[in-house]
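Visitor: Before I ask anything, here is the structure I am working with.
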Amino acid sequence: MKFIIGKDRNQTEFFCLDQAVSSDNEVRLIDLFASAINLADHGFDMKFLDNGRPAYHPSDLLKLFIYGYLNRIRSSRHLEKECLRNMEVMWLMKGLVPDHNTIANFRKDNPKAIRKVFRATVALAKNFELIGGQLLAGDCTKLRAQNSKKNNFNPAKIERHLAYIDDKLEQYNAILAQQDGDVTVTEKQLIAEKISKHQKQRNKYLTFKKELEETGDTQISTSDPDSRQLITRNNITEVAYNIQATVDAKHNIPIDFKVTNQNDSKAMGAMVRRAKSIIGKSDFTLLYDKGYHTGTEFDYAYKQGVKVMVAVPEVASHAPDIAFDVANFVYDNKLDLYLCPAGQQLQTNGTWYFKKQGKTTNRMKHYKTPACKSCSLFERCTKNKAGRLIERTEHAELIEANKQRIELNKELYRKRQAIVEHPFGIIKRQWDFYYIMTKKSIKHASADVGLIFTAFNLRRIFNLIDKNMLKEYLE
């Protein structure tokens, strides 16, 4: 039987690195894209001392990272290996093999510059009219941090550890006190070592407790200090970062991202402002889910002149008879009063009250009527013995306007999930980038996320634009 025979390994051949990479290989587009960026304008440090060993050019390290993220390689050690064995990387790097520490430090030291590279991908997409700028959607996704739950502490967890240690110390001291004459020198030494170990742990937890009291934080993470334990889905929590993103509907291209360690309630306003700046106008619609339904954020978006549509949360509590829910009370804007289903008027004294809900403080008026106590429908309306009380926030009109927009544009709002979940699905499920590669600070995490979104946008652009046309433009 005949077989295909390979080349003789000892045969001498002339070899050109450029011939090893085909003319239509996308690595050539990566090279052109990175070479077209003015690195100094984007914030990369271009000033290097002449003495000592020469530094690697930032352009080469940027090319290496873009190639790596496009091919699901984020580890600096793995990228170093690729420089030695991957023909495409060898071509891209012109045979250079940076040390893994040099590679890792480049990512760690340039979070702001990497964000500007991401913005360059958005500008490239806008140039080829891949961004519609009419309909956008915003949402968040959680990426697990390099910090285990074991190394994340809150006041309750610290108190549990302290109580356990105090109990153990009490047991060891009791053993020494009760069996002072019967305990051998070896046993005493062993117990003393355990007591010393627990004392050190106790001092560590007391330090954590003091730090939380001084800073006012609710959590402390020891491996990655800026990460926080967040709810990822249902009641499942992870020590993670919360990645806010704004995605254009035309080709599901992200135009903005922000790495945070907070929940969504106060995130919409800033993302709306940034989207307005990136798009260059305010006549677009932004879709969000119910996690962003906050009065102050509606006010911020309104002042920016941007129309937002946020899913309306379910009613937190109902009246004894749902026919008497707040939604069935009619508000008269001119007279500033509510008309209840029984036909009575609930009026306000005009005083603004402040109510704190979590970290948010809302300003609101109270509406009530003395007719409640003599009303035959009292028991169906409220369980409050003093009568029915309605709280109306200062942003109630904006909240009501949002509800009307949702009701009038249900088909439009249904597109939200398909728009914004598209990038998250590819990044986390297809690329397996469900965790943050870097640690120690939110700035380092931002550099990692910036490279992820840069790679995603380039992948979309490479798929949507003819390679020859893109190559000609970049050249």
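Visitor: What number of residues in the range 287-312 are in contact with a Lys or Arg (Cβ under 9 Å, 6 or more places away or on another chain), of a type in the set (A, V, I, L, M, F, W, C) and crowded, with 18+ Cβ neighbours inside 10 Å?
Guide: Residues meeting the conditions: 6.
Visitor: Collect the residues in the range 319-328 that are out of contact with any helix residue (DSSP H, G or I) (no Cβ under 9 Å at 6 or more places or on another chain) and assigned to a loop (DSSP other than H, G, I, E, B), keeping them in residue-number order. Lay out the reasoning, then the answer.
Guide: First pass over the range 319-328, keeping only residues out of contact with any helix residue (DSSP H, G or I) (no Cβ under 9 Å at 6 or more places or on another chain): 325-327.
Of everything in the range 319-328, just one residue is out of contact with any helix residue (DSSP H, G or I) (no Cβ under 9 Å at 6 or more places or on another chain) and assigned to a loop (DSSP other than H, G, I, E, B), namely ASP325.
Visitor: Moving on. Only one of LYS281, LYS200, LYS209, LYS194 is open to solvent by 40 Å² or more (accessible area, probe 1.4 Å), over 26 Å from ALA447 (Cα atoms) and touching a Lys or Arg at 6+ places or on another chain (Cβ under 9 Å); which?
Guide: Details: LYS281 fails: touching a Lys or Arg at 6+ places or on another chain (Cβ under 9 Å); LYS200 fails: touching a Lys or Arg at 6+ places or on another chain (Cβ under 9 Å); LYS209 fails: touching a Lys or Arg at 6+ places or on another chain (Cβ under 9 Å).
On inspection, the qualifying residue turns out to be LYS194.
Visitor: Given the conditions (1) more than 30 Å from ARG363 (Cβ to Cβ); (2) surrounded by 15 or more Cβ atoms within 10 Å (Cβ to Cβ); (3) not hydrophobic (A, V, I, L, M, F, W, C), and given that ASN234 satisfies all but one, which numbered condition is not satisfied?
Guide: That leaves (2) as the condition not met.
Visitor: Follow-up. Considering GLU379, GLU394, which residue is at negative phi, open to solvent by 70 Å² or more (accessible area, probe 1.4 Å) and in contact with a Phe, Trp or Tyr (Cβ under 8 Å, 6 or more places away or on another chain)?
Guide: Values: GLU379 fails: in contact with a Phe, Trp or Tyr (Cβ under 8 Å, 6 or more places away or on another chain).
Testing whether each residue is at negative phi, open to solvent by 70 Å² or more (accessible area, probe 1.4 Å) and in contact with a Phe, Trp or Tyr (Cβ under 8 Å, 6 or more places away or on another chain) leaves just GLU394.
Visitor: What number of residues in the range 237-268 are under 15 Å from MET309 (Cβ atoms) and open to solvent by less than 10 Å² (accessible area, probe 1.4 Å)?
Guide: Residues that pass the stated criteria total 3.
Visitor: If you don't mind, another one. Looking at (1) open to solvent by 40 Å² or more (accessible area, probe 1.4 Å); (2) touching a helix residue (DSSP H, G or I) at 6+ places or on another chain (Cβ under 6 Å); (3) not in a helix (DSSP H, G or I), find the lone condition where ASP432 falls short.
Guide: Of the numbered conditions (1) open to solvent by 40 Å² or more (accessible area, probe 1.4 Å); (2) touching a helix residue (DSSP H, G or I) at 6+ places or on another chain (Cβ under 6 Å); (3) not in a helix (DSSP H, G or I), the odd one out for ASP432 is (2).
Visitor: Just wondering, is there one or more residues in the range 430-448 that are of a type in the set (Gly, Ala, Ser), touching a Lys or Arg at 6+ places or on another chain (Cβ under 9 Å) and within 23 Å of ASN252 (Cβ to Cβ)?
Guide: Yes, the range 430-448 has at least one match.
Visitor: Follow-up. Select, from ASP167, ASP139, the only residue that is acidic (Asp, Glu) and open to solvent by 40 Å² or more (accessible area, probe 1.4 Å). Talk me through it step by step, then tell me what you get.
Guide: Details: ASP139 fails: open to solvent by 40 Å² or more (accessible area, probe 1.4 Å).
Being acidic (Asp, Glu) and open to solvent by 40 Å² or more (accessible area, probe 1.4 Å) holds for just one of ASP167, ASP139, which is ASP167.
Visitor: Looking at (1) in a helix (DSSP H, G or I); (2) in contact with an Asp or Glu (Cβ under 9 Å, 6 or more places away or on another chain), which one does GLY350 not meet, given that it meets all the others?
Guide: Among (1) in a helix (DSSP H, G or I); (2) in contact with an Asp or Glu (Cβ under 9 Å, 6 or more places away or on another chain), the lone unmet condition for GLY350 is (1).
Visitor: Restricted to the range 313-334, and to residues that are at pLDDT 85 or above and surrounded by 13 or more Cβ atoms within 10 Å (Cβ to Cβ), which residue is nearest to GLY295 (Cα to Cα)?
Guide: Filtering first and then ranking leaves TYR331.
Visitor: Suppose we keep only residues that are of a type outside the set (Val, Ile, Thr) and assigned to a strand (DSSP E or B) within the range 212-231. Which one would you say is least open to solvent (accessible area, probe 1.4 Å)? Please lay out each step first, then the result.
Guide: First, the residues of the range 212-231 that are of a type outside the set (Val, Ile, Thr): 212-214, 216-217, 219, 221, 223-230.
Filter once more, keeping what is assigned to a strand (DSSP E or B): 221, 228-230.
Values: SER221: 6, ARG228: 38, GLN229: 61, LEU230: 22 Å².
Among those residues, the one meeting the criterion is SER221.
Visitor: For ILE73, all conditions in the list (1) within 19 Å of THR438 (Cβ to Cβ); (2) in contact (Cβ under 8 Å) with a residue 12 or more places away in the chain; (3) out of contact with any Gly (no Cβ under 9 Å at 6 or more places or on another chain); (4) surrounded by 15 or more Cβ atoms within 10 Å (Cβ to Cβ) hold save one; what is the number of the exception?
Guide: Condition (2) is where ILE73 drops out.
The values are calculated or read from the model by the stated rules, or taken from the named source; none is laboratory data. A quick note: this is a predicted structure, and the numbers were derived from the prediction, not measured. With ideal geometry, Cβ positions are generated from the backbone for all residues, glycine too; neighbour counts draw on all protein chains shown. Side chains are part of the model used for accessible areas, which takes the heavy atoms of the whole protein and leaves out ligands, DNA and RNA. Shrake-Rupley method; radii C 1.70, N 1.55, O 1.52, S 1.80 Å.
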